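The values are calculated or read from the model by the stated rules, or taken from the named source; none is laboratory data. Fair warning: this is a prediction, and the values are worked out from it, not measured in the lab. No Cβ is skipped: glycine too gets one built from the backbone with ideal geometry, and neighbour counts run over all protein chains shown. Keep in mind that these areas ignore ligands, DNA and RNA; they rest on the heavy atoms of the full protein, side chains included. Shrake-Rupley method; radii C 1.70, N 1.55, O 1.52, S 1.80 Å.
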Amino acid sequence: MRDKRFPTLNLNVETKNLNIPEDLKEKYIEKGITELNPPQEKAVDAGLMDGSDMIVASPTASGKTFIAELAMVNQVKNEGGKAIYIVPLKALASEKYEDFSERYQELDVMMSVGDRDDSGDYLETADIVIVTSEKLDSMLRHNPSWIHEINLVVTDEIHLLTSPNRGPTLEVTLTRLRDLLEFQMLGLSATISNSSELADWLDAELVESDYRPVELKEGIMEGNEIEFFPEDYGNESSNKTNNDESSGFKTGKEIVKDEEEKEDVETEEVFIEDKHGRPTSNLVEDTLEIDKQAIIFCSSRKGAEKSSDRCAEVTEHGLSREERQELEEYSERILNVLGSPTSQCKRLAKNVADGAAYHHAGLVNRQRSLVEEAFREGLIKTVSATPTLAAGINLPAYRVIMRDLKRYTGGGMDWIPVLEFEQMTGRAGRPKYDDEGQAISLAKNPGMKDEILERYVLGEAEHIQSKLAVEPVLRMHTLSLVASSFCTDFEDLMDFYEKTFYAYQFGDMEEVEKKISSVVEDLIEYGFLDEDVSATKTGKRVSELYIDPDSANLMIESMEKASEKTTRPVSFLFMLSRTTEMKPRPRVKDKEWGEIQQALSDAEEYVLETVPNEWEPEYEQFMECMKNSMLMQGWISEVEEERLMDKYGVAPGGIRAKMSNADWLIYSSKELARMKDFDVEKDLEKLRIRLQHGIKEELLNLVQYDQIGRVRARKLHNHGIRDQEAIREAKFEKLKKLIGSATARKLKKQVGQENIFDRENITDYF
């Protein structure tokens, strides 16, 4: 049997010799892909085109996606099956969808990342389906008919099995698919230290490579000097260190010998002129002088914004007239993404006009997309970003500057993981544009340079570990396994969990068995499982709705009380804030305590739970829920986003993420209320629409019309246009002044009245 870790290499695999349709070969060759690179060659030699299961572990930008494309084309065109491409983020799904749709127009490429209460029947005809692991898990709960047509499952960023947030769902989904179907498994991974363990769990071939299409030069900047270290730096000395550690000491001669051997491996030293008094600004200036771009990674959103301000002071001086004009257009679009620009919008727009930008989760999706677009076009010269950029879309730059290598984790400032460092530095170097990419870490304090060298430049990425054995995760997936009839009793459940990566890694299932037993008891108590471990009607619906059973139980109990008492919007907002899905909730600061406490006291008669006493452990959690409820109450009271951001510390992107979660929870609440015959559906639907648009109740009649959101609806209402009849009676000229010509025309059509002769200027119609 061939060794899975070291397959023999069939060198110089040419595209024209691949077993794929001729028209695709021609397309690849036209794009310059005439032969495969080393990891691609290894993958083909290891049986990629023969249907072998495989883990490909190699650096960022080493061509892993093309390996997946070859496998997809082979399975869809040659074998007549369906390919599933799993990604960790919606933004990455959109990027892959655009790429694959353009490249494979003869194939039916579809993307599914939205509604979680959806079986995905519309995917029946798809050849390639791009999904997040959560969406695929959700669809599996509905048992879609097309699931048995799957020939290939590609898991992009499979090393994220180690993520506490996304890892467990991915692990359960892969385990479930492997138990249910026969298909080719292809996992694409960053370079990790226990890739062989992952391959062994999946019984897959392991293809490893350190190939990069662009050389990566890793350096450390201390003061005004960068020292770049060659790839083989420290190899000999580190081996010796490991050997010497067994003896516990080194002689003077051994120490001198080690230092001499280190000196034999030459490093490159580069002096950076101090023009701005800050290392990052000096590096940006140096980057612009060679007509390149840079990404600066920062540990926090505030840090990224401040970094961008400083970068803009440098970049603004090097822009051409044409670049300024184009950047002004981008700046204007970014500024006006929201109906009423916040200080964050203005700050970003100003930076973009000067050739710099920041990128983090506090921005709304459209703003992030515009920043990415302008950076790819070479207009924006620097992007200061949080680590989320490295985990998401493909946005390379010649130079990556690691400004912050530590971040606050609750217990103080900790070094970031090596795997995360490598994901970020992997963005250095643009294939087809650069001969090399530079990743430069900043040593801010004396002694920090040696630590960075040992930990990151010479260090090895951490082992990935299963995060499955967490009770909320087990609760949700255990109900799903039973509700979909995948497991029919406790023994089946244990058999399933024994096939997971967790079981493979840790072996001892005693602790997990105790937790699953406890979870089953809870689910029986909630009424979601019967004593014989079969799902009740309510349990099946909770599983399909893709919410934590704890959250579902809390909502059912709360809505039952709501049917019997006077409620206000805060009743349901507080209910939503208490769910698992609304975490993390904003922390209550000391200076806010009195105000939030008063609000909780005022809301107590409407809250659908008993508020604990101040000295009880749960009280602090109730205070956080109250603050979260006040944020949502502010949103539906049409408080300006600027004020919400100042008061609650939640940026527009964060507000929309919370409202999206709230929207799903209210939908789920309505579904459960209908099953239980609770008289709260009307109140919930009103609240849902208000949360979607951020409006007071008086605007509900207006936002039902297409392109009428919170800003336009408020303008119409304030000018006496408040319902369908008023829209019909309003003159077109008046509507045009309030909401613009195109929107006014569309609104008139929607109410069934569009008479062009009502207008003062008939040419507006044309």
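Taking residue 127 as the residue in question, decide whether it is over 16 Å from residue 543 (Cβ atoms), in contact with a Lys or Arg (Cβ under 7 Å, 6 or more places away or on another chain), open to solvent by 10 Å² or more (accessible area, probe 1.4 Å) and touching a residue at least 12 places away in the same chain (Cβ under 8 Å).
So residue 127 passes the test.
Hey, among 680, 639, 650, which residue is more than 30 Å from residue 592 (Cα to Cα) and either open to solvent by less than 30 Å² (accessible area, probe 1.4 Å) or assigned by TED's automatic domain parsing to the domain that holds residue 553 (or both)?
Being more than 30 Å from residue 592 (Cα to Cα) and either open to solvent by less than 30 Å² (accessible area, probe 1.4 Å) or assigned by TED's automatic domain parsing to the domain that holds residue 553 (or both) holds for just one of 680, 639, 650, which is 680.
If you scan segment 294-307, which residues turn out to be outside any helix (DSSP H, G or I) and either open to solvent by 20 Å² or more (accessible area, probe 1.4 Å) or of a type in the set (Gly, Ala, Ser) (or both)? If you could, list the steps in order and put the result at the bottom.
Of segment 294-307, the ones outside any helix (DSSP H, G or I) are 294-300.
Hits for segment 294-307 are 294, 299, 300.
Residues of segment 484-513 being surrounded by fewer than 23 Cβ atoms within 10 Å (Cβ to Cβ) and among the aliphatic types (A, V, I, L, M), which ones?
The answer is 494, 503, 509, 512.
Can you name the residue in segment 689-737 that is open to solvent by 80 Å² or more (accessible area, probe 1.4 Å), in a helix (DSSP H, G or I) and among the basic types (Lys, Arg) and is also farthest from residue 655 (Cα to Cα) among such residues?
728
What strands (runs of 3 or more DSSP E) completely inside segment 126-227 contain at least 3 residues that are closer than 29 Å to residue 105 by Cα and over 20 Å from the mean Cα position of the chain (by Cα)?
Here the list reads 150-156, 184-189.
Here are the criteria: (1) open to solvent by less than 70 Å² (accessible area, probe 1.4 Å); (2) touching a helix residue (DSSP H, G or I) at 6+ places or on another chain (Cβ under 8 Å); (3) over 21 Å from residue 173 (Cα atoms). Tell me which single one residue 437 does not satisfy.
(2)
Have a look at 333, 347, 310, 368 and point out the one that is assigned to a helix (DSSP H, G or I), modelled with pLDDT under 95 and not hydroxyl-bearing (Ser, Thr, Tyr).
368 is the lone residue from the list that is assigned to a helix (DSSP H, G or I), modelled with pLDDT under 95 and not hydroxyl-bearing (Ser, Thr, Tyr).
For the subset of segment 462-481 comprising residues that are aliphatic (A, V, I, L, M) and open to solvent by less than 10 Å² (accessible area, probe 1.4 Å), which member is nearest to residue 167 (Cα to Cα)?
Among those residues, the one meeting the criterion is 468.
Of the conditions (1) surrounded by 14 or more Cβ atoms within 10 Å (Cβ to Cβ); (2) assigned to a helix (DSSP H, G or I), residue 585 clears all except one; give me its number.
(2)
What pairs can you find where one residue is in segment 440-453 and farther than 16 Å from residue 418 by Cα, the other is of a type in the set (Gly, Ala, Ser) and open to solvent by 10 Å² or more (accessible area, probe 1.4 Å), and their Cβ atoms are less than 7 Å apart, with a gap of 6+ or different chains?
Taking only residues 6 or more apart or on different chains, not a single pair turns up.
Please enumerate the residues belonging to segment 178-202 that are surrounded by fewer than 19 Cβ atoms within 10 Å (Cβ to Cβ) and either among the small types (Gly, Ala, Ser) or within 22 Å of residue 147 (Cα to Cα) (or both).
178, 179, 180, 181, 182, 193, 196
Scan segment 506-541 residue by residue and report those that are in contact (Cβ under 8 Å) with a residue 40 or more places away in the chain and either of a type in the set (S, T, N, Q) or assigned by TED's automatic domain parsing to the domain that holds residue 119 (or both).
518, 534, 538
Quick check on this structure: which one of 78, 74 is within 27 Å of residue 207 (Cα to Cα), open to solvent by less than 10 Å² (accessible area, probe 1.4 Å), in contact (Cβ under 8 Å) with a residue 24 or more places away in the chain and of a type outside the set (D, E, K, R)?
Working: 78 fails: open to solvent by less than 10 Å² (accessible area, probe 1.4 Å).
From the options 78, 74, the qualifying one is 74.
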